[in-house]
């Protein structure tokens, strides 16, 4: 192990409910502990993996925030997702044994390393773990579909409102406030993800603030009227 890798036990981790299945017996948990035995620290701005890197492991985000991105033909970075504590990244490499995107830390972060061949082997042994891996893969498909809906049919206000609602929902599942959070990504990165120009993102944030829906101070966001955001995204349901 290098200086950035530290022993960690899944059985005593307070994030196990988010990134690992419940219901494993002590013997099964002990085997899982031995597989997911190290974690790695990534400094802000550093890549956990890059396009073309050989795929060997999945990574459970123990702390911090990541973005995944690809470089377009004209040299622009296209953000494809944001990952936070308790989520698993690296599944893009399963299909071809090489990563198809970059995963970059948006702040100092730490990940648990999950060697995929060993996770696969245990999944065949423990049906609970196998089912959980399938759920993770399915969740990524659903998330991709949601992004396609955002980009394909929503106006700028709808896109940003849906993004903020999704972000606060995911953060709340991790024990954070239902209404206040700090944006770890820049407005430019949000725009890249949502298919919006930087100016449009800034203008939409300002409009939400003027309408009394949110309060924004640099990267600190306070959602003052969550129902108004929901109304923007789905007016028929909220009517």
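Since every read-out is calculated from the coordinates, none of them should be taken as a lab result. Bear in mind that the values here come from a model prediction, so they are computed numbers and not experimental data. Reconstructed Cβ throughout: ideal geometry from the backbone, glycine too, with neighbour counts over all protein chains shown.
Please give the helix 116-125 orientation as an angle from the longest Cα principal axis of the chain, in degrees from 0 to 90, rounded to the nearest 10. The answer is roughly 70 degrees.
Pairs of Cα atoms nearer than 8 Å and 6+ residues apart set the relative contact order; for the range 131-200 it is 26 percent.
Springs join every pair of Cα atoms under 10 Å in this Gaussian network model of the chain, and among 133, 95, 119 the largest mean-square fluctuation is at 95.
For the chain, the C-alpha radius of gyration sits at 1.07 times the compact-globule guess of 2.2 N^0.38 Å, with N the residue count.
Computed on the chain, with alpha-carbon pairs under 8 angstrom and 6+ residues apart, the relative contact order is 18 percent. Here the label points at residue 100 and residue 117, each 7 Å from Cα along the C-beta direction, are separated by 2.3 nm in the simple model.
A helix-only calculation puts the chain at -13000 deg cm²/dmol for mean residue ellipticity at 222 nm, using -39500 (n - 2.57) for each DSSP H run of at least four residues, averaged over all residues. The mean sequence separation of alpha-carbon pairs under 8 Å and at least six residues apart, normalised by the residue count of the range 154-238, gives a relative contact order of 34 percent. Cα axis of helix 198-210 to longest principal axis of the chain: angle in degrees, 0 to 90, nearest 10? For 198-210 against the chain, the angle is about 70 degrees. Tilt of helix 156-172 relative to the longest C-alpha principal axis of the chain, in degrees (0 to 90, nearest 10)? So the helix axis and the longest Cα principal axis differ by about 40 degrees.
The orientation-averaged projection of the convex hull spanning the C-alpha atoms of the range 154-238 amounts to 5.2 square nanometres.
Top mean-square fluctuation among 107, 27, 125, Gaussian network model of the chain, C-alpha springs under 10 Å? The residue that fluctuates most here is 27.
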